[in-house]
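Input: a single structure, listed below in structure tokens.
The values are calculated or read from the model by the stated rules, or taken from the named source; none is laboratory data. What you see is a predicted model; the values in this text were computed from it and never measured. Note that each Cβ is placed from the backbone with ideal geometry, even for glycine, and that neighbours are counted across all protein chains shown. Surface accessibility is based on the protein's heavy atoms, side chains included, excluding ligands, DNA and RNA. Shrake-Rupley method; radii C 1.70, N 1.55, O 1.52, S 1.80 Å.
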Amino acid sequence: MWFFRSPEIVFGEDALDYLLEIQGSKALIVTDQNIVALGFVEQVQAILAKAGIGAALFAEVEPNPSMENVQRGAEAARTYGPDWIVGLGGGSSIDAAKSIWIQYERPDLAPDEVAPMGTLGLRQKARLIAIPTTSGTGAETTWPIVLTDTAERRKVSVGHPENIPDIAIVEPAFVRQLPSQITADTGMDALTHAVEGYTSQWYNDFADGLCLKAIQLVFDYLPRAYESGSSDPEAREKMHNAATIAGLAFGNSMAAMAHGLGHSLGALFPVPHGRAVGLFLPYTIEFTVRGDMPTRYADISRFLGLPASDEAEGAASLVQAIRDLARRVGQPTSLQEAGISAQDFEAQLPKLVDNAFNDSTMVVSLRIPDDTEAQKVCRYAFEGKAVDF
Ligand SMILES: [Zn+2]
């Protein structure tokens, strides 16, 4: 038995106006100071006010929010008593909103005690709206929550299918001015979600089409969005849609090894999530296609019109296309290029691999590495050499 879960998704020009139609009295907007400075919070508050909904602000979300951070947000929710939680921002703000919502409804659960079993009993007090302001994480469509355990320097993944947002508002105006670096980092995240969603062990008929469409959109529009800044609204809107489609895709199948390694890397080194997973993606494809289980990379390459007479050629074409795309949008293609020194890499390698195995994405790879193999893949990724074992 499998499920396909999705929020109600509102997209395209003026999607934000959908807030005029919601019923309620109080909303807590969960966001960060950058989003306040950009004026996005004011826009959301103004529309909510027209709908007769008051809005308080928790604008203290940190990048990669810690447990303490979301506990402070939950305190704000308990004090204000909202019937809507609105996560406005990148993946960090939306994930923080999910965690704050759960703690508001279930004060008996610590942020890291939320597991995907049994019943949570959410929606007694509030519902969740997610409004992404980057085009990448797909957090507006998914339920897993990534928090940072500051003491242990690792990321923890928590969440329950119930905490999927009720409504995702994919408003292209919020990404029109996205800086090129963030466009590239988050765009590579969307691509990685879609490729891994198609090629993890949990791939399925319902997610497949979404994966392929999202991959195609990223290849077609990410370079344009990156190169033309705010002067190409079509590319911006297509990338915004691509990220949500990819979120829906991998949220209903699963990400794989590039996410396991990328999450772990991001907790040890200051490499943003999308840059980290996008960097690992081609290496994990090279590794996985050499395993015993049949893989599906040639399908993707065929869909993109790349040479793919067999699986090996299809995988090689895809790897080449991903590396070309990464270079075109100024992304590093090795850990060295990402600014990690040989000394730091060697010192952290055991922890990098250890923590990756705490991530459930590692075991749904179509080739599950052992410890030694995962270390080897990381060494290839450090040097920028094609994985050939
Ligand atoms: Zn991701």
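Given the protein chains as shown and a 1.4 Å probe, how many square angstrom of residue 373 are accessible, to the nearest 10? Its accessible surface works out to 50 Å², give or take rounding.
Leaving out ligands, DNA and RNA, what percent of the accessible area of the stretch 270-386 is carbon and sulfur, probe 1.4 Å? It would help to have the intermediate numbers written out before the result.
Details: 2460 of 5100 Å².
Exposed carbon and sulfur together represent 48 percent of the surface.
Here the label points at residue 153 and residue 5, each 7 Å from Cα along the C-beta direction, are separated by 3.3 nm in the simple model.
Residues whose amide H comes within less than 5 Å of that of residue 366, counting only those at least five positions distant or on another chain, are 201 (H built at 1.01 Å from N in the peptide plane). Treating the angle as unsigned and between 0 and 90°, give the value, to the nearest 10°, between the Cα long axis of helix 233-251 and the longest Cα principal axis of the chain. That works out to roughly 80 degrees.
Rounded, prolate or oblate, given the Cα gyration tensor of the stretch 51-92, with a/c below 1.5 counting as rounded? Working shown, then result.
Values: a/c = 2.90, a/b = 1.50, b/c = 1.93.
It is oblate, given that a/c is not under 1.5 and a/b is not larger than b/c.
The fraction of Cα-Cα pairs per 5 angstrom bin, counted from 0 for the stretch 1-92, comes to 3, 13, 21, 22, 20, 13, 6, 2, 1, 0 percent, rounded to whole percents. Mind checking Rg over Rh on the stretch 136-280, alpha carbons, Kirkwood formula for Rh? We get a ratio of 0.96 for the stretch 136-280. Remark on residue 106: its backbone amide H falls under 5 Å from none of the residues 5 or more positions apart or on other chains, H modelled at 1.01 Å from N. The label-point distance for residue 312 and residue 42, in a model that sets each label 7 Å from Cα toward Cβ, rounds to 6.1 nm.
Express in nm, to one decimal, how much length is gained between residue 34 and residue 181 on full extension, taking 0.36 nm for each residue of separation and deducting their alpha carbon distance. Walk me through the intermediate numbers first.
Numbers: separation 147, 0.36 × 147 = 52.92 nm, distance 1.54 nm.
Full extension of this stretch gives 51.4 nm more.
The phi torsions of the stretch 122-129, fed into the Karplus equation with coefficients 6.51, -1.76 and 1.60 and a -60° offset, translate into couplings of 6, 6, 7, 10, 8, 10, 10, 10 Hz, rounded to whole numbers, with Gly and Pro shown as x. The reciprocal of the average 1/r between distinct C-alpha atoms defines the Kirkwood hydrodynamic radius, which for the stretch 247-350 equals 14.8 Å. Solvent-accessible surface of the stretch 2-101, taken per residue with a 1.4 Å probe and all protein chains present: 44 Å². Hull volume per residue, based on the alpha-carbon atoms of the chain and their convex hull, is 126 Å³. According to the square roots a ≥ b ≥ c of the eigenvalues of the Cα gyration tensor, what is the shape class of the stretch 243-287, taking rounded for a/c under 1.5, prolate for a/b larger than b/c otherwise, and oblate for the remainder? The shape class here is oblate. Relative to the longest principal axis of the Cα atoms of the chain, helix 40-50 runs at roughly 40 degrees.
The stretch 135-202 and the stretch 32-68 have their alpha-carbon centroids 19 Å apart. If the Kirkwood radius is taken over C-alpha pairs of the stretch 150-233, then at 25 °C and 0.890 mPa s the Stokes-Einstein diffusion coefficient equals 161 µm²/s.
What the Cβ-Cβ distance of residue 375 and residue 49 gives, at R0 = 41 Å and to the nearest 0.05, is a FRET efficiency of 0.15.
A convex hull fitted to the Cα coordinates of the stretch 20-144 yields 101 cubic angstrom per residue. In the stretch 141-236, the portion of solvent-accessible area held by carbon and sulfur atoms comes to 52 percent [1.4 Å probe, whole percent, DNA, RNA and ligands not counted]. Please determine, in degrees from 0 to 90 and to the nearest 10, the orientation of helix 273-289 with respect to the longest principal axis defined by the Cα atoms of the chain, where the helix direction is its Cα long axis. Its long axis makes an angle of about 40 degrees. Compared with the rule-of-thumb size 2.2 N^0.38 Å for a compact globular protein, the stretch 78-118 has a Cα radius of gyration ratio of 1.20.
When all alpha carbon pairs of the stretch 335-389 are counted in 10 Å bins from zero, the resulting P(r) reads 23, 53, 24, 0 %.
Quote to one decimal, in nm, the extra length available between residue 228 and residue 208 on full extension: 0.36 nm per residue of separation minus the C-alpha distance between them.
On the way: separation 20, 0.36 × 20 = 7.20 nm, distance 3.03 nm.
Difference between extended and current length: 4.2 nm.
For the pair residue 108 and residue 343, a Förster radius of 51 Å applied to the C-beta separation gives a FRET efficiency near 0.65, rounded to the nearest 0.05.
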